[in-house]
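Peer 1: Quick one: structure below, then a few questions.
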Amino acid sequence: MNKINIIESYRSSKVFVPDNMIRWIRSNHAGETGAVWIYIGARCVFWNKSIRNMAKEHFITEKKHLIVMSHILPSSKRSKLLILWRILGFSLGFISALFGYRFFCITIQSVENFVEKHYQEQIDFLFNNSLSFDLLQVLQICCNEEIEHQLEAKKNKGLQLNNTYENLWSCIIGKGSSLAVNISRFI
């Protein structure tokens, strides 16, 4: 399968961001910032080769997403809480990695499940309103790569959650991600 490189896709056209998409793109930028820091935090658990390898690979993709979002969104429109998103991302990556590879995969799957829905909502909005095909293409590439991360984490952790703690953790991740997105849309 021939993958489109998101950086090349962005460079090949000037991406128009409609005014009614600024809040969404702000939350994307904040989310990609947090994602980069999740993998930085996870890499601190250096003794676990599986976590280290996954974190290294996913970090590269999330860094590309952050670069593109940084170019699309003017710095004056970015979240004023980027330091908080870095701290929370690092903490989430580090803590979940401390609990082992399965727990780390549960965390990644939960985060990426939320991110897929978040990106898909934006893609549907742009498509249904015939707005900014270039932005729609960038968001679709990001979404597809996030889905790949989600599927990899799901495959590596096993098919289902085994206990109440794992289910609770997954729920907390989803609710926390939703709260972070809603805050970053405005601040």
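Peer 1: If you scan segment 36-53, which residues turn out to be touching a residue at least 60 places away in the same chain (Cβ under 8 Å) and surrounded by fewer than 20 Cβ atoms within 10 Å (Cβ to Cβ)?
Peer 2: Matches in segment 36-53: Ser50 only.
Peer 1: In segment 36-81, what residues are of a type in the set (Ser, Thr, Tyr), closer than 16 Å to His149 by Cβ and more than 13 Å from the chain's Cα centre (by Cα)?
Peer 2: Ser50
Peer 1: Collect the residues in segment 21-54 that are part of a loop (DSSP other than H, G, I, E, B) and either more than 19 Å from Gln109 (Cβ to Cβ) or modelled with pLDDT of 95 or more (or both), keeping them in residue-number order.
Peer 2: Cys44, Phe46, Trp47
Peer 1: Looking at Ile183, Ile172, can you tell me which residue is hydrophobic (A, V, I, L, M, F, W, C), assigned to a helix (DSSP H, G or I) and either in contact (Cβ under 8 Å) with a residue 60 or more places away in the chain or in contact with a Cys (Cβ under 7 Å, 6 or more places away or on another chain) (or both)? Can you show your working first?
Peer 2: Numbers: Ile172 fails: either in contact (Cβ under 8 Å) with a residue 60 or more places away in the chain or in contact with a Cys (Cβ under 7 Å, 6 or more places away or on another chain) (or both).
Testing whether each residue is hydrophobic (A, V, I, L, M, F, W, C), assigned to a helix (DSSP H, G or I) and either in contact (Cβ under 8 Å) with a residue 60 or more places away in the chain or in contact with a Cys (Cβ under 7 Å, 6 or more places away or on another chain) (or both) leaves just Ile183.
Peer 1: Quick one: which of Thr61, Thr107 is among the polar types (S, T, N, Q), touching a Gly at 6+ places or on another chain (Cβ under 9 Å) and surrounded by 17 or more Cβ atoms within 10 Å (Cβ to Cβ)?
Peer 2: The match here is Thr107.
Peer 1: Let me ask another. If the requirement is being part of a helix (DSSP H, G or I) and farther than 22 Å from Lys56 by Cβ, which of these qualifies: Gln122, Gln109?
Peer 2: Details: Gln109 fails: farther than 22 Å from Lys56 by Cβ.
Going through Gln122, Gln109 in turn, the sole match is Gln122.
Peer 1: Could you list all residues from segment 60-94 that are under 24 Å from Trp47 (Cβ atoms) and without any contact (Cβ under 8 Å) to a residue 24 or more places away in the chain?
Peer 2: Correct list: Ile60 only.
Peer 1: Is at least one residue of segment 148-165 modelled with pLDDT of 85 or more, farther than 17 Å from Arg26 by Cα and surrounded by 15 or more Cβ atoms within 10 Å (Cβ to Cβ)?
Peer 2: no
The values are calculated or read from the model by the stated rules, or taken from the named source; none is laboratory data. Nothing here was measured: the structure is a model prediction, and the numbers come from that model. Methodologically, a virtual Cβ is constructed for each residue, glycine included, from the backbone with ideal geometry; neighbour enumeration extends over all protein chains shown.
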